[in-house]
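Enquirer: Could you have a look at this structure, given as structure tokens, before my questions?
Coordinate-derived values only; no laboratory data. What you see is a predicted model; the values in this text were computed from it and never measured. Don't worry about glycine lacking a Cβ; one is built from the backbone with ideal geometry, like all the others, and counts go over all protein chains shown.
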């Protein structure tokens, strides 16, 4: 068995990003990362938009640790957008919402691993070792409530994960009820470009109308993946 003290993850000498709106937890995670790997730099962001700015500045980010509950994120679409923006980075979710259904949905939306937010440092170390080796990581006791359905073509999150970052932005604006002209203005692009993206979005989601696209997006909302009992 490999000695954990001797394991050096593939992302050493790269840049890590911690995305969490709680400064104290950002600090704690930064210290945890420093203790288990030699990153050149560990950056922090308190919102999804700031995280996307960091990714744009350093597309070669090696690791992202992401809290799902951010002030500018509605559901798992933040994870999907980060996954598309940082295709080569390993993404580990660190969240207090760690029921089996949430973990399953996060992995299908593009996360490489999931660690309950208040886990011991040793759990984070195991997660980093796993994802750096190209493996997924889930906490002890996890049981996939959907069974072996990773290849289910009807899974809303799997379809959302196929969208590009720009398409995800446009879908978000569609969910806000904005028309193509308004979306074009907000994103400073031509209306014909918006129409082309909307067509591509509907094709990737397997729907035939904007309303159906919104319904698919709603499948990724927290209200749809959190337990309803209690």
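Enquirer: Which order do the peptides 22-34, 41-53 take when ranked by the mean count of other beta-carbon atoms within 10 Å per residue, highest first?
Expert: Going by the mean number of other Cβ atoms within 10 Å, highest first, we get 41-53, 22-34.
Enquirer: Once the Cβ-Cβ distance between residue 87 and residue 49 is put in as r, and R0 is 25 Å, what FRET efficiency do you end up with, to the nearest 0.05?
Expert: Details: r = 19 Å, r/R0 = 0.75.
It comes out at approximately 0.85.
Enquirer: Work out the FRET efficiency for residue 69 and residue 119 from their Cβ-Cβ distance, taking R0 = 22 Å, and round it to the nearest 0.05. Intermediate results must be reported in sequence, preceding the final value.
Expert: Numbers: r = 16 Å, r/R0 = 0.75.
Given R0 = 22 Å and the Cβ-Cβ separation, E is 0.85.
Enquirer: If we sort 124-131, 187-194 on the protection proxy, mean other Cβ atoms within 10 Å, highest first, what's the order?
Expert: Sorting 124-131, 187-194 by mean packing, highest first, produces 124-131, 187-194.
Enquirer: Sticking with this structure for a sec: Using label points projected 7 Å from each Cα along Cα→Cβ, tell me how many nm separate residue 31 and residue 218, to one decimal.
Expert: 4.4 nm
Enquirer: I'd like the FRET efficiency for residue 164 and residue 38, computed as 1/(1 + (r/R0)^6) with the beta carbon distance as r and R0 of 30 Å, rounded to 0.05. Mind showing how you got there, number by number?
Expert: Values: r = 33 Å, r/R0 = 1.10.
With R0 = 30 Å, the Cβ-Cβ based efficiency is 0.35.
Enquirer: Can you give the relative contact order of segment 156-225 as a percent, counting alpha carbon pairs under 8 Å and 6+ residues apart?
Expert: Relative CO of segment 156-225 lands at 40 percent.
Enquirer: Any idea what the relative contact order of segment 76-178 is, in percent, if you count C-alpha pairs under 8 Å spaced at least 6 apart?
Expert: On the way: 113 pairs, mean separation 33.7, N = 103.
The normalised contact order for segment 76-178 reaches 33 percent.
Enquirer: Mind checking the full-extension length gain between residue 203 and residue 101? Use 0.36 nm per residue of separation minus the Cα-Cα distance, one decimal, nm.
Expert: Result for the pair: 34.0 nm of gain on full extension.
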